[in-house]
Amino acid sequence: MRKGEILAFATETVYGLGADASNDEAVLAIYERKKRPQFNPLIVHCADFEMAQNLVIFPPLAQKLAQKFWPGPLTLILKQRQDNNISKIVSAGLETLAVRVPAHNLARKLIKTLNRPIAAPSANISGSLSPTRAEHVLEAFNNEIYVLEGGQCEAGLESTIIAVEDNKLFQLRAGALPREIIEKEIGQELIAAGKREKITAPGMLKSHYAPRAKLVLNVTEPKEEKGAAYLAFGAEPEFGGEILNLSPSGNVKEAARNLFSHLHKLDKGRAKIIYVAPIPNIGLGEAINDRLRRAAS
Ligand code: TXA
Ligand code: MG
């Protein structure tokens, strides 16, 4: 990475495709490898709060969030410091920068060892399913990538993204840190991204995280037809086709961890159409349903 190579690595959310955030060419290589549109900025991963503080300005509210939830699956969108040495390609020219301190030990060790912040989007081809295991990354890039193996991602969903502006908190992406937990800790409501005057997260495309198979949501009685598979949650209905369960006990945390992994599995098999059980929209369910809607769109 010091020489400008890119490296995929595990975080607690999903695998990231990392490069030295100060190296223009290395960052550009990420966009190329992922086939990512260049207007869609990247998250900068820091080893600790101090490293992040060198890059962006923390108003008191943002500092409180960082103290409560870092290291962890929370990304903050904050105003950049002028002299932060981060490649302009990382932020796609925006005045703000997305920063987070990952909770995965190996990820933080990597950043510490490099001693520089690491820019990293999820390690998938743009628009396709996110990787929660090293093998998903290898498959996506035809084995032509180095991966720092860190096991199955604990959360299995991307970080929650919050923009802090004028003492207000905007949730730009639901993610592995549930809205309710943030609101309770901070004592302030998160405002939906749509209510923000400025542009929302540029990368929040309607269709994203898409498998090849067609996805049909909120199905309790899946049709038994050729090529049909069922992604269950909780008790399973009668179904003769291939069935995978996100969480037999109906636990949303377990379902989040399994979501992309199960979708990868079904998509690699014979499934042409995947019926998905309804998931309650509370806690992590909000982020799970967000990913499912985009995957189906
Ligand atoms: O959990 C995660 O966040 C993972 C791991 C690897 O850290 N990363 C991840 O990155 O999900 P990516 O690139 O797939 O998603 C980053 C999102 C995009 O939707 C992007 O538009 C948004 O963050 N973003 C980045 N910088 C931004 C900024 N300055 N303002 C608004 N949105 C921003
Ligand atoms: Mg992504």
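Pull out the extension gain between Arg81 and Ser126, defined as 0.36 nm times the separation in residues minus the alpha carbon to alpha carbon distance; nm, one decimal.
13.3 nm
In debye, nearest 20: dipole of the stretch 1-47 around its Cα centre with unit charges on the Cβ of K, R (+) and D, E (-)?
Working: 6 positive and 6 negative charges, 30 e Å.
Dipole magnitude for the stretch 1-47 comes out near 140 debye.
Across the stretch 78-84, computed HN-Hα scalar couplings (Karplus, 6.51 cos²θ - 1.76 cosθ + 1.60, θ = phi - 60°) run 9, 5, 6, 7, 4, 9, 7 Hz from first to last residue, x flagging Gly and Pro.
Could you work out the local net charge near Cys46, counting Lys and Arg as +1, Asp and Glu as -1, over the other residues with Cβ closer than 12 Å to its Cβ?
Values: positive: Arg100, Arg108, Lys112, Arg116; negative: Asp48, Glu50.
After counting each charged neighbour, the total is +2.
Work out, in µm²/s and without decimals, the Stokes-Einstein translational diffusion coefficient of the chain at 20 °C, 1.002 mPa s, Rh from Kirkwood over C-alpha pairs. Could the numbers behind the result be given before it?
Numbers: Rh = 19.4 Å.
Calculated translational D: 110 µm²/s.
Near the amide H of Leu169, within less than 5 Å, lie the amide hydrogens of Ile191, all on another chain or at least 5 residues away, with H placed in the peptide plane. Restrict the search to the stretch 99-200; then list the GluC sites (Glu not before Pro) that DSSP places in a loop and that have at most 10 other Cβ atoms within 10 Å of their Cβ. Answer by residue number: Glu144, Glu197.
Taking the Cα centre of the chain as origin, work out the dipole magnitude from +1 charges on Lys and Arg Cβ and -1 charges on Asp and Glu Cβ, in debye rounded to 20. Walk me through the numbers before you get to the answer.
On the way: 38 positive and 33 negative charges, 90 e Å.
It works out to roughly 440 debye.
Quick one: work out the % antiparallel among DSSP beta bridges in the stretch 147-297, nearest 5. Mind dumping the intermediate values first?
On the way: 5 of 18 bridges.
Antiparallel bridges make up about 30 percent of those DSSP assigns within the stretch 147-297.
For the cross-link pairs Lys64/Lys109; Lys68/Lys112; Lys88/Lys214; Lys34/Lys214, the ones whose C-alpha atoms lie over 26 Å apart are Lys88/Lys214. Under the convention that each Lys and Arg Cβ holds +1 and each Asp and Glu Cβ holds -1, the size of the dipole of the stretch 207-297 around its Cα centre is about 460 debye. Pair-distance distribution of the stretch 31-167: all C-alpha pairs, bin width 5 Å, starting at 0; shares per bin in whole percent are 2, 10, 19, 22, 22, 15, 7, 2, 0, 0.
Normalised by the residues of the chain, what does the relative contact order come to in percent, with Cα pairs under 8 Å and at least six apart?
Relative contact order of the chain: 19 percent.
Taking every DSSP beta bridge that has both ends in the chain, the antiparallel portion is near 45%. Using R0 = 41 Å, the C-beta based FRET efficiency linking Gln67 and Asn218 works out to 0.60. When the helices of the chain are scored as -39500 (n - 2.57) per DSSP H run of n ≥ 4 and the total is divided over every residue, the value at 222 nm lands at -8000 deg cm²/dmol. Look at the dipole of the chain built from charges on Cβ: of Tyr146, Cys46, Ile86, the Cα furthest out on the positive end belongs to Ile86.
Counting only DSSP beta bridges with both residues in the stretch 72-192, the antiparallel share comes to about 60 percent.
If each residue of separation counts as 0.36 nm, what is the full-extension length gain between Phe39 and Glu180 once their alpha-carbon separation is subtracted?
On the way: separation 141, 0.36 × 141 = 50.76 nm, distance 3.07 nm.
Stretched out fully, the Phe39 to Glu180 stretch lengthens by 47.7 nm.
Springs between Cα atoms under 10 Å define the GNM used for the chain, and in it the highest mean-square fluctuation of Thr13, Thr113, Thr132 occurs at Thr113.
Taking the number of Cβ atoms within 10 Å of each Cβ as an exposure proxy, the fewest-first ranking of His264, His136 is His264, His136.
Each Lys or Arg adds one and each Asp or Glu takes one away; over the other residues whose Cβ falls under 15 Å from the Cβ of Ala66, this sums to +2.
Every number in this text was worked out from the coordinates using simple rules, so none of it is lab data. Bear in mind the structure is a predicted one, so any value in this text is a computation, not a measurement. Virtual Cβ from ideal backbone geometry, glycine too; neighbours counted across all protein chains shown.
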